[in-house]
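As structure tokens, the structure follows; a few thoughts come after it.
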Amino acid sequence: MLSIHKFRLISIPCTCRCTYATSSNDFIDHHKRFDLHDWPSSKNPTPYEVFGLSSKDIGMSRIELNKILKMRYVKLVKIYHPDTSLDLIDKYGEPLTNEQKRKRFDLIQESYDILRDARRRVAYNRFKTTSWEQQGPYKPGSEPFSKESFEAYRRANAHRARYDFTKDEAFWSAGTWNDYYQMKYQRPPPTREELEKNKYKILFGVLAVGALAFGLQIMNAIERTNQYLIETHQMNLKSMRDLNQSYEGDGSYSEADNVRKFLIGRRTTMQSKKDDFGNEEPSDNELLYKYARARVNKWDRKEQEWNQRRQSSSDLEYN
């Protein structure tokens with residue numbers, strides 16, 4: 001018996017199979033565990049999508065709606081509260097990070113705050129359903145601060161970024177311009193009497209600012225004109241200085257060279273005037289020769305006069 005049993009033990013092959021847990025088996029679907037709807041697949045889910053409410057559920061009574069909201073809110077908080085640290089996956093089967101879970105929890109809290117407050121819920125519904133196509137015909141005779149004008153303005157600006165529900169909730173919660181002013185600035189709007197009382201002050205302020213701006217423009221224009229005149233005057237002075245230097249020389253030319261330059265300029269001027277006297281003008285060399293000879297004669301006369309005065313003084317001393 002022992003040998004047969006041993007044979008049987010040897011003849012039975014020993015197969016070992018190792019199984020590994022997949023990611024789908026590691027995570028539990030907590031939404032199904034709490035009998036909840038799946039998390040919305042849209043990138044920016046609305047508060048109604050977060051709580052799994054349809055258009056039919058919106059029409060239920062306020063008490064019943066708040067009861068459903070509170071029940072689902074408690075379940076969602078148990079799943080996504082940062083202190084629970086539950087393992088969650090997204091629609092692609094990837095595990096959620098702590099940042100993603102925190103973002104979902106904040107969205108749950110924000111959605112619950114909007115839906116449980118009847119006033120905020122009405123404002124949000126107005127924000128989601130208002131569009132430009134709802135704009136009715138314009139009535140020129142309507143009051144500028146009436147409810148109809150405010151509704152027309154709200155429809156016209158329904159999809160502007162500055163009036164998004166998250167940025168300006170008061171714009172969608174207000175029923176009239178006065179309500180919006182009160183919510184926006186935390187004070188009652190000015191009355192017609194106050195506007196009439198301050199309109200002259202406002203007009204005076206506008207005129208003062210306009211006069212100041214006009215005066216600054218005039219002063220700026222005068223300053224630019226004076227600057228232009230100064231620059232023009234400096235340019236003229238520089239041109240005159242350069243012209244005088246060209247006539248007189250800068251000291252690098254001799255007296256004869258300066259005279260030669262003067263004669264060249266004189267001859268050019270006479271030719272430009274086209275004086276025709278029938279006499280041939282002497283050449284520049286002849287004029288220079290006459291000029292040099294006259295200068296030498298002048299120096300000789302001065303030397304003779306100096307010698308005569310010296311001789312006269314010597315004779316007087318001798319006598």
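The values are calculated or read from the model by the stated rules, or taken from the named source; none is laboratory data. The model shown is predicted, which means the values in this text are computed figures rather than measured ones. Methodologically, a virtual Cβ is constructed for each residue, glycine included, from the backbone with ideal geometry; neighbour enumeration extends over all protein chains shown.
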Exercise for review: Check off (1) surrounded by 13 or more Cβ atoms within 10 Å (Cβ to Cβ); (2) under 18 Å from P40 (Cβ atoms) for K78 and give me the number that stays unchecked.
Suggested key: (2)
Exercise for review: Name every residue in region 6-58 that is loosely packed, with under 10 Cβ neighbours inside 10 Å, at pLDDT 75 or above and among the basic types (K, R), in order of residue number.
Suggested key: K43, K56
Review point. Say we look at region 59-73 and pick out the residues that are farther than 14 Å from H37 by Cα and hydrophobic (A, V, I, L, M, F, W, C); which of these is surrounded by the most Cβ atoms within 10 Å (Cβ to Cβ)?
Key: L65
Check your understanding: (1) closer than 16 Å to E110 by Cα; (2) without any contact (Cβ under 8 Å) to a residue 60 or more places away in the chain; (3) part of a loop (DSSP other than H, G, I, E, B): which one isn't true of D38, the others all being true?
Key -> (1)
Exercise for review: Using the structure shown, decide if D83 is in the same structural domain as R33 (by the TED database) and part of a loop (DSSP other than H, G, I, E, B).
Suggested key: yes
Revision key, fill the gap. For region 193-212, the count of residues that are modelled with pLDDT of 80 or more and surrounded by 10 or more Cβ atoms within 10 Å (Cβ to Cβ) equals 11
